[in-house]
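No lab work stands behind these numbers, since they all come straight from the coordinates. Given the structure is predicted, the values throughout are model-derived calculations rather than measurements. Glycine gets a Cβ as well: all are built from the backbone with ideal geometry, and neighbour counts include every protein chain shown.
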Amino acid sequence: MNADTTNILDSIYETVVAGDQNTVLTLVKQALATDLTPQEILDDGMIQAMAEVGDLFESGEFFVPEMLLAARAMKNGMNYLKPYLVDEASKNKGRLALGSARGDLHDIGKNLVSILMESAGFEVIDLGVDVPPDAFVEVVRDEAIEIIGMSCLLTTTMPAMKEVINQLHQADLREGVTVMVGGAPVTQDFADHIGADHFAPDANQAVKLVKSLFDKT
Ligand code: B1M
């Protein structure tokens with residue numbers, strides 16, 4: 001990385017924090033014209049910026065509207081990057097369903113998981129945000145889905161993931177499906193505690209995991 005690329009990444013970072021969705025787009029286009037990879041732009045520019053936004057919210061310097069603007073800027077940049085991340089050659093590797101836990105409206109991390117899954121050739125059924133447990137159960141039953149991924153960002157929505165697992169047991173579907181969980185407050189210990197099969201700390205690890213699961217079948 002040279003001084004120019006570092007400067008562009010710093011500017012992307014600052015612009016996401018400032019919630020300036022138009023400038024983010026201009027900068028992402030500029031960044032793509034350098035030797036920066038889409039993954040570097042995501043990881044070192046945009047994702048780090050969202051962590052800063054969280055810190056500013058926690059310290060009382062940012063409020064919900066600023067978080068929303070930053071989220072919109074991040075999504076704008078992320079959507080522009082999507083085609084650069086998707087590898088059209090590697091389609092149809094398998095299907096999975098993703099959703100944010102009930103009560104949780106955060107979807108940037110889940111969307112990132114979805115984009116990288118699609119880029120790795122998996123078909124994603126995206127259930128969206130605030131997904132009720134029975135919607136996860138339904139997709140497993142009706143779409144014969146073998147892997148579900150749940151994302152949550154709030155400590156208060158973590159228990160909803162356990163509820164999905166309970167309902168899968170009740171519907172006699174638990175054996176046939178692999179449950180993966182992730183999101184900022186989620187840990188391996190929590191995953192073990194609720195009886196999930198896997199925890200992935202970030203979107204790249206989630207893709208590696210799903211690749212290894214489909215390779216086994
Ligand atoms: Co909110 N928010 N938010 N927020 N928000 C957090 C999560 C918070 C940590 C901020 C803080 O206080 N520091 C805090 C939660 C505290 C807690 O629970 N302990 C918080 C709060 C309190 C709230 C509200 C309650 C605020 C309020 O209304 N008073 C409210 C709740 C709304 C709700 O969900 N019911 C709220 C609302 C919002 C906005 C709507 C304004 C907006 C979300 C917009 C959107 O997503 N469309 C928002 C935002 C932007 C954030 C922060 C700043 C950024 C989240 C983000 O997008 N990060 C966040 C602070 C933070 O996380 N430090 C914060 C970037 C994203 C790429 O990271 O989602 O962690 P992340 O994904 C990572 C990994 O976690 C992992 O992969 C990604 C990296 O590759 N991953 C998975 C995620 N899902 C995965 C699934 C997997 C595998 C890996 O497998 C299935």
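Things to note:
- Summary of packing: across the peptides 61-72, 22-33, the per-residue average of other C-beta atoms within 10 Å ranks them, highest first, as 22-33, 61-72.
- The share of Cα pairs per 5 Å bin across segment 153-217, counted from zero up to the longest distance, runs 4, 17, 26, 23, 19, 9, 1 percent.
- Cβ-to-Cβ counts within 10 Å put 9, 85 in ascending order as 85, 9, the fewest first.
- Cα-based helix-to-principal-axis angle, 21-32 vs the chain, degrees rounded to 10: 90
- The dipole here belongs to the chain: it is taken about the Cα centre, uses +1 on the Cβ of Lys and Arg and -1 on the Cβ of Asp and Glu, and is about 500 debye.
- The chain - mean residue ellipticity at 222 nm from DSSP helices (-39,500 (n - 2.57) per run, n ≥ 4, rounded to 500): -17500 deg cm²/dmol
- With 10 Å bins from 0: P(r) over segment 89-217, alpha-carbon pairs, percent: 14, 51, 33, 3, 0
- Angle in degrees between helix 64-85 and the longest Cα principal axis of the chain, rounded to the nearest 10: 80
- With Cα atoms, 0 to 90° folded angle of helix 48-58 axis to the chain main axis: 80
- Relative contact order (%) - segment 99-217, alpha-carbon pairs under 8 angstrom, separation at least six: 27
- Orientation-averaged projection of the chain equals 12.3 nm² [convex hull of Cα atoms, one quarter of hull surface area].
- Out-of-range pairs (alpha-carbon distance over 26 Å; input 82/162; 110/216; 93/162; 162/208): 82/162; 93/162
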